[in-house]
Amino acid sequence: MSAPFAKTISIGADGLSRGLETKESLSIELLPDGFSYCILDHQHFRYQVMESFRALQPLNENQWAQAIDHLVRENANLSVSYQKVNISWFSTKLILVPFDLFKHAQKETYYGYANNLPENNLVLADRLNNLQAYGLYEFPAELKARLEFFFPAHRIRHSGSVLIESILAARQLDEWNASLVLHIRRKHFDILLLEENKLLYYNSFLYEEFGDLMYYLFFVLEQFELDANQMEALLLGEISLDSERFINLSQYFKKITFIGRNDVFHYHSEFDALPHHYFYNLLNLNSCG
């Protein structure tokens, strides 16, 4: 793919034969620093393709409509029809409202209590069944129009909604006791604090240097009067076991473990080259109701 994106990962794309799109789902992840997509074969419940692209320049919300035009034009896998299209959108502004307090007609009002809504943005609402709440966030109107043009049957979810729902579902099924979940990407990260199966805190932060991430992390822990030396942390996202980042983190916590891949799905053999905690949100979009 030509500028403004550079391909960083390609799994299964070269051997993909077209013509079965009506039996497949497309999942897309839109991030400030790039774009990823994967294709799920519903007949075998198997992820058969995944590709990831790094933005050569940081993208703000207003640039994504033009970027989608470029991506669809340059990638044949995005220019065909699918049974379902799920899209994950990242922003640092996600407002959580409990079910019993929420009314769809007032979502702009709820969102406006915490953030100013730009004139050219919409407020979207995600239903989070595991949390028993709605997630509210702003979304560029021009980008929404472009997505409706290219993917008429698409569904948009905030990346935080996907992460919260996936983690709460995994917590109910898996035997891990971590009270802190860190989802680390190249230019942003998410923090979740848990008490048993309940979410105490969620937030996301942009960062440039890893020292910034550490500052935000320990600022949050300080606000809750938590001692990292007594905590178990669950790690996911694009951070490797042998990286300097992981080594630095592991010095502060009682225990750090990596989350496993969702075994509800099967995966193309080339996925074996990726650590199982990579692209967690993208590969869980299909399981978020």
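The values are calculated or read from the model by the stated rules, or taken from the named source; none is laboratory data. None of these values were measured; they are calculated from a predicted model. All Cβ positions, glycine included, derive from the backbone under ideal geometry; neighbour counts span all protein chains shown. These area figures cover heavy atoms from the full protein model, side chains too; ligands, DNA and RNA do not enter into them. Shrake-Rupley method; radii C 1.70, N 1.55, O 1.52, S 1.80 Å.
Quick notes on this one:
- Residue that is nearest to D263 (Cα to Cα), among those in the range 165-177 that are open to solvent by less than 20 Å² (accessible area, probe 1.4 Å) and hydrophobic (A, V, I, L, M, F, W, C): A170
- Residue in the range 178-185 that is among the hydrophobic types (A, V, I, L, M, F, W, C), open to solvent by less than 20 Å² (accessible area, probe 1.4 Å) and touching a helix residue (DSSP H, G or I) at 6+ places or on another chain (Cβ under 6 Å) present: yes
- The residues of the range 76-100 that are open to solvent by 20 Å² or more (accessible area, probe 1.4 Å) and either modelled with pLDDT of 95 or more or in contact with a Cys (Cβ under 9 Å, 6 or more places away or on another chain) (or both), listed by number, are L94, I95, L96, P98, F99, D100.
- Looking only at residues in the range 144-162 that are under 18 Å from the mean Cα position of the chain (by Cα) and hydrophobic (A, V, I, L, M, F, W, C), the one that is most open to solvent (accessible area, probe 1.4 Å) is I156.
The rows are residues; the columns are (1) farther than 15 Å from V85 by Cβ; (2) modelled with pLDDT of 95 or more; (3) surrounded by fewer than 21 Cβ atoms within 10 Å (Cβ to Cβ); (4) basic (K, R).
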residue	(1), (2), (3), (4)
E21	no, no, yes, no
I28	no, yes, no, no
D33	yes, no, yes, no
C38	no, yes, no, no
F45	yes, no, yes, no
P58	yes, no, yes, no
Q63	yes, no, yes, no
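- So N203, is it at pLDDT below 95, touching a helix residue (DSSP H, G or I) at 6+ places or on another chain (Cβ under 8 Å) and of a type outside the set (D, E, K, R): no
- Restricting the search to helices (runs of 4 or more DSSP H) fully inside the range 81-174 and requiring at least 1 residues that are out of contact with any strand residue (DSSP E or B) (no Cβ under 8 Å at 6 or more places or on another chain) and under 21 Å from S36 (Cα atoms) gives 141-150, 159-173.
- Complete set of residues in the range 149-197 that are basic (K, R) and more than 23 Å from S240 (Cβ to Cβ): R155, R157, R171
- A Cβ distance below 7 Å, combined with a sequence gap of six or more or placement on separate chains, defines the contacts here; from the range 44-71, residues that are touching a residue at least 24 places away in the same chain (Cβ under 8 Å) reach residues that are of a type in the set (S, T, N, Q) and assigned to a helix (DSSP H, G or I) in the pairs V49/N77.
- From the options Y201, Y215, residue that is closer than 28 Å to Y113 by Cα, in contact with a strand residue (DSSP E or B) (Cβ under 6 Å, 6 or more places away or on another chain), aromatic (F, W, Y) and without any contact (Cβ under 8 Å) to a residue 24 or more places away in the chain: Y201
- Every pair of residues 6+ apart whose Cβ atoms lie under 8 Å, when the first sits in the range 93-105 and is of a type in the set (A, V, I, L, M) while the second is open to solvent by 60 Å² or more (accessible area, probe 1.4 Å): I95/Y113; I95/A114
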